[in-house]
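The next block holds one structure in the form of structure tokens; read it before the comments.
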Amino acid sequence: MPAAEVEEAIVAQVRHLLRTPEIVARTWAAAKKEGNEAIPERDVVKTITDFAPLWDELFPAEQARIVRLLVERIDLAPDGMQVRLRAEGLQTLVEELQLREVKAA
């Protein structure tokens, strides 16, 4: 499989996973585990949901940094691909996005 196709598939998978309730719950749980209980679950949901349209505006280097931050493991098989995300990476992303919102306000 050509690298460009793999990269495109990984990004599509990450974007899909970011919208799943399981990932939102894992992100919030990771934030609470780190002692950041001040972040309400609804804020985590809003931040992750708002991230999808922002993705296309990011420079390729920033997109690559975020993928490295989020992706723990990629398993390729003849019948498909599985992407495993890091909960800690999701928590970091949420914190960065929230800081960005504060700076923009």
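The values are calculated or read from the model by the stated rules, or taken from the named source; none is laboratory data. These figures come from a predicted structure and were not determined experimentally. As a convention, Cβ positions derive from the backbone with ideal geometry for all residues, glycine included, and neighbour counts pool all protein chains shown. The accessibility values were calculated without ligands, DNA or RNA, using every heavy atom of the protein model including side chains. Shrake-Rupley method; radii C 1.70, N 1.55, O 1.52, S 1.80 Å.
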Checklist entry - Within the set of pairs 6 or more residues apart or between chains, which connect a residue that is open to solvent by less than 100 Å² (accessible area, probe 1.4 Å) inside region 59-83 to a residue that is part of a loop (DSSP other than H, G, I, E, B) with Cβ atoms less than 6 Å apart? => result Glu72/Arg86
Checklist entry - Which of the residues spanning region 84-102 are more than 13 Å from the chain's Cα centre (by Cα) and either open to solvent by 70 Å² or more (accessible area, probe 1.4 Å) or of a type in the set (A, V, I, L, M, F, W, C) (or both)? => result Leu99, Arg100, Glu101, Val102
